[in-house]
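Working notes, structure below.
The values are calculated or read from the model by the stated rules, or taken from the named source; none is laboratory data. Treat the numbers as computed from the prediction; the structure is a model and nothing was measured. Positions of Cβ are backbone-derived with ideal geometry, glycine not excepted, and every protein chain shown enters the neighbour counts.
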Amino acid sequence: MRPVLIRGLTAATAATLVTGLGIFAATSASAAAGCRVDYTANSWSTGFTGAVTVTNLGDPISGGWRVTWSFAGNQQITQGWSATISQSGQNVTATNPSWSTSIGTNASVNFGFNANYSGTNANPASFSLNGTTCTGTVPTSPPTTPPTTPPTTPPTTPPTTPTNPGNKVDNPYANARGYVNPEWKAKAEAEPGGSRVSNNPTAVWLDRIAAIEGTDNSSSNGSMGVRDHLDAALAQNAGYIQFVIYNLPGRDCAALASNGELGPNDLPRYKAEYIDPIAAIQADPKYASLRIINIVEIDSLPNLVTNTSGQAGGTAMCDTMKANGGYVQGIGYALNKLGALPNTYNYVDAAHHGWIGWDSNFGPTADIMLQAAQASGSVNNVQGFITNTANYSALREPFVQPTTTVNGQSVRQSKWIDWNQYTDELTFAQAFRQKLVSIGFNSNIGMLIDTSRNGWGGSQRPTAASTSTDVNTFVDQSRIDRRIHAGNWCNQSGAGLGERPTAAPASGIDAYVWVKPPGESDGSSSLIPNDEGKGFDRMCDPTYTGNARNGNSMSGALPNAPISGAWFSAQFRELMANAYPPLS
Ligand code: BGC
């Protein structure tokens, strides 16, 4: 059996500032070569994250690419991604990764890096692609006769605004401030010490049709609708806003706490009454300046892989949703409609390592993601994927990696890891990204990791590897994730806030995000009647002894929880107390 169902961000970067945004464009000596470089530096006092987009304006390039520049000051790159970056003095060379050796005409590649600096972080003055200086245009053949009159207006290079304002950017989180949901902020600030975290962006969950207009009388979530949030985002001068698209027919087929309002055969209603109206509002030109990020359908596609007939965790509802195509077609429709705008970004939910980290689940889950993207008409409708949404898996397990051995035995044979290929979310998300690219997704897709509740700080957090020679004891004493079982997902006791929302924190990762708003319950610990379709799942009952999906372990849930989505003050306080990085 596999642990499985599931659900389930930072002071250090709180002061990031955009200090650099430049576009480098110009002309090469050869008629067939030309390039443009967009360079941004997201700086704080001693470091910055650089993002580089190179567009090939000349003949197609194959067989590899090389981007070079010189820093003006003492900038020193410490880490790079999506390119191999080397630095000698002020001179930097970024060469293609093995999976991206060509750049078609007018196509772009992106890469990024972290760097240190002191003093002024000036942008590099010029860039070259394969030896050609990037000026932004390709020269036509030289005129046969020199012009006799000077041009009436001087050429405007470099341009001061992006040349393609209508196109999607590679990473919508880069150099952009996130929208802070005022309703979540108010709840967080009503708690003692809550103002330490209440300015973080969290996602807005559209968990029922009524949430589109706003649900004044709902016990979970707030009363603001989609337009209210978009208007508030404009008023905040936010760069991006995050919505969770979460209302599939037969929703949450392997659990009960987040069952939804639509029955298994309600795909037509999902399209007409849910996706279409959301897409129509997002398409209002008034919101064109916002990067609108849609997180698409939590927990759904992986359930079709792991929780259908023949598996220990199989349920009749997951069989039905697999057979009737409601999830794949619903997500395909959502991706198509919501992906059609130049300023919308789709990220599809991809579970977490403790669910699909085994080889038997990993490839098949990637395949079903591709099916859903193809059902949307094109993989171009998918900008990336999110892992660990509303879950508790640790970002990094410094003392327990799959290669760690104890007394000659692999930690993978411990009860906790149970032969999983991954032990943490960062390595899992990076590997899953590569898998997705290898089967046909675009090479510039980026991953998000929900770090809202995976901090696991406080006194229980291990600070060193255990010295035990027993593999189970070693793993249990060394792991950051303190759950009873990695398949536990409801209101986990001992959890803390994780990394605060951060753009481009690591290779292949577009952002650490807070998609599950901390303090909102995962499900009630006993049956609470409600009119939102929410059931009672015993995984939220602290006295429950478990099922096949969590190795028949105790649920690890906090007591006295309200229904999913409703404010759970005791949990929020514990999340703050156990935050990692800690709150000051
Ligand atoms: C609930 C939603 C809620 C979301 C965010 C989900 O588990 O089903 O109603 O909006 O969590 O808290």
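Arg433 meets the conditions (1) basic (Lys, Arg); (2) in contact with a Leu (Cβ under 8 Å, 6 or more places away or on another chain); (3) not in a loop (DSSP other than H, G, I, E, B) in every case but one. The failed one is (2). The helices (runs of 4 or more DSSP H) falling completely within the range 220-308 include none with 3 or more residues that are surrounded by fewer than 20 Cβ atoms within 10 Å (Cβ to Cβ) and β-branched (Val, Ile, Thr).
The selection criterion, being out of contact with any helix residue (DSSP H, G or I) (no Cβ under 9 Å at 6 or more places or on another chain) and within 21 Å of Val197 (Cα to Cα), holds for Ala566. Checking the structure you have, find out if any residue of the range 68-86 is part of a strand (DSSP E or B) and more than 30 Å from Ser45 (Cβ to Cβ). Among the residues of the range 68-86, not one is part of a strand (DSSP E or B) and more than 30 Å from Ser45 (Cβ to Cβ), which makes the answer no. Picking from residues in the range 508-522 that are within 16 Å of the ligand (Cβ to nearest atom) and part of a strand (DSSP E or B), the one that is farthest from Arg433 (Cα to Cα) is Glu520.
For Phe572, the conditions (1) surrounded by 18 or more Cβ atoms within 10 Å (Cβ to Cβ); (2) within 16 Å of the ligand (Cβ to nearest atom); (3) assigned to a loop (DSSP other than H, G, I, E, B) all hold with the exception of (3).
Restricting Thr423, Thr463, Thr451 to those that are modelled with pLDDT of 95 or more, β-branched (Val, Ile, Thr) and surrounded by fewer than 24 Cβ atoms within 10 Å (Cβ to Cβ) reduces the list to Thr463.
For the range 524-563, a residue qualifies if it is among the polar types (S, T, N, Q), within 16 Å of the ligand (Cβ to nearest atom) and at pLDDT 95 or above, and the qualifying residues are Ser524, Ser525, Ser555.
When Ile275, Ile281 are screened for being of a type in the set (Val, Ile, Thr), under 24 Å from the mean Cα position of the chain (by Cα), more than 15 Å from the ligand (Cβ to nearest atom) and over 25 Å from Asp367 (Cα atoms), only Ile281 passes.
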